[in-house]
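One structure below.
The values are calculated or read from the model by the stated rules, or taken from the named source; none is laboratory data. These numbers come from a predicted model, not from an experiment. Neighbour counts run over all protein chains shown; Cβ positions are idealised from the backbone, glycine included.
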Amino acid sequence: MRVSFEQINIIGDIIYEDENLKHYHYSEMLSRYDSNFIEFKRMPTIEEFQLWETSLREFHRKNNQDHLKFKFPPNEHISDTLTHYLKNEQYHIGFLELYSIQPSQFTVPKNDLVEVQFVTENQLEQFLTLQYNQDVKLGANFAKEKQQMQLRRFNDDDTHFLIAYFEGIPAGYVELIEKENTVEIDNLLVLEELRHKGIGGHIQKAVMEKFPNKTVILVADGEDTPKDMYQKQGYQYQGFQFEVLKVEAQ
């Protein structure tokens, strides 16, 4: 099954859309870059980008947001002219990679020392504590807002949280978004001191066993090493998407 970036879940509301772009905004969590951005449907010229850059900056400043984020059309490279402008304006230029796998093709073995559970009310506090301890590294306000967002998402029918225990100790987690034909793996994390013990693979194995008839999809940072792990585990590369981010002084 071929998949595309259009199937990736975005937490946020489309507040404006035309033939050229979508503007996402999430008033419940203004500090979350991945929920507040503009995504271009076609590659903009430098003049078009500057126009929307000014528009987004004005909109974000009205909402006390200090970042600018843009995504570009999947599987298209940014022009040299626009790249030069973005670098001069101190944007970080990155790219995402899309992967998919059929559960039957995932052959990573389980680890008997690892137990993975779908989060219910009983595990919710431990799950949230694990996330808070990671998110607070990005700022206390961000971490607190993220906790409230996760409490709202906990009751969504298409969202599942999983928590992993290593020898009974909370060790990692993942978030799943279930659609008709796909399950998206998002925010997979294993505590740094417990990595290289097969915990991440065991978490994914639990996903495959729960959803054997759905295509499992995920997005990896194109500049991070986890994408190499996914490739070794049998995931199939499905495409790329460039994105840029700049945080401005208020």
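Worth a mention:
- A206 being closer than 30 Å to K87 by Cβ, in the same structural domain as V119 (by TED's automatic domain parsing), among the small types (G, A, S) and crowded, with 17+ Cβ neighbours inside 10 Å: no
- Any hit, the range 1-9, residues being crowded, with 16+ Cβ neighbours inside 10 Å, within 23 Å of K137 (Cα to Cα) and modelled with pLDDT of 95 or more: no
- In the range 211-221 there is at least one residue matching the filter, namely being modelled with pLDDT under 95, closer than 24 Å to S4 by Cα and either hydroxyl-bearing (S, T, Y) or outside any helix (DSSP H, G or I) (or both).
- Restricting attention to the range 12-50, the residues being farther than 21 Å from G239 by Cα, β-branched (V, I, T) and crowded, with 19+ Cβ neighbours inside 10 Å number 0.
- Identity of the residue in the range 9-42, in a strand (DSSP E or B) and not hydrophobic (A, V, I, L, M, F, W, C), that ends up nearest to E243 (Cα to Cα): E39
- Residue in the range 66-76 that is at pLDDT below 95, surrounded by 12 or more Cβ atoms within 10 Å (Cβ to Cβ) and farther than 25 Å from Y26 by Cα present: no
- Condition check for L151: touching a residue at least 12 places away in the same chain (Cβ under 8 Å), in contact with a Gly (Cβ under 7 Å, 6 or more places away or on another chain) and either farther than 24 Å from L96 by Cα or surrounded by fewer than 20 Cβ atoms within 10 Å (Cβ to Cβ) (or both): no
- Residue that is closer than 25 Å to H77 by Cα, out of contact with any Gly (no Cβ under 8 Å at 6 or more places or on another chain) and either touching a residue at least 60 places away in the same chain (Cβ under 8 Å) or not small (G, A, S) (or both), where the choices are Q231, Q204: Q231
- In the range 105-117, the residues that are at pLDDT 95 or above, surrounded by fewer than 17 Cβ atoms within 10 Å (Cβ to Cβ) and over 14 Å from A171 (Cα atoms): Q105
- Annotation note: of D112, D157, D80, D135, the sole residue that is closer than 24 Å to E6 by Cα and acidic (D, E) is D157.
- Wholly enclosed helices (runs of 4 or more DSSP H) of the range 43-154 bearing at least 1 residues not hydrophobic (A, V, I, L, M, F, W, C) and not assigned by TED's automatic domain parsing to the domain that holds K197: 46-62, 80-88
- If the condition is being surrounded by 14 or more Cβ atoms within 10 Å (Cβ to Cβ) and not aromatic (F, W, Y), then the range 118-143 contributes V119, Q123, L124, Q126, L128, L130, Q131, Q134, D135, V136, A143.
- When every residue of the range 190-210 is checked against the conditions, none turns out to be modelled with pLDDT of 95 or more, within 29 Å of Q65 (Cβ to Cβ) and part of a strand (DSSP E or B).
- Filter pass, G222 being touching a residue at least 24 places away in the same chain (Cβ under 8 Å), among the small types (G, A, S), under 30 Å from M43 (Cβ atoms) and not assigned by TED's automatic domain parsing to the domain that holds I11: yes
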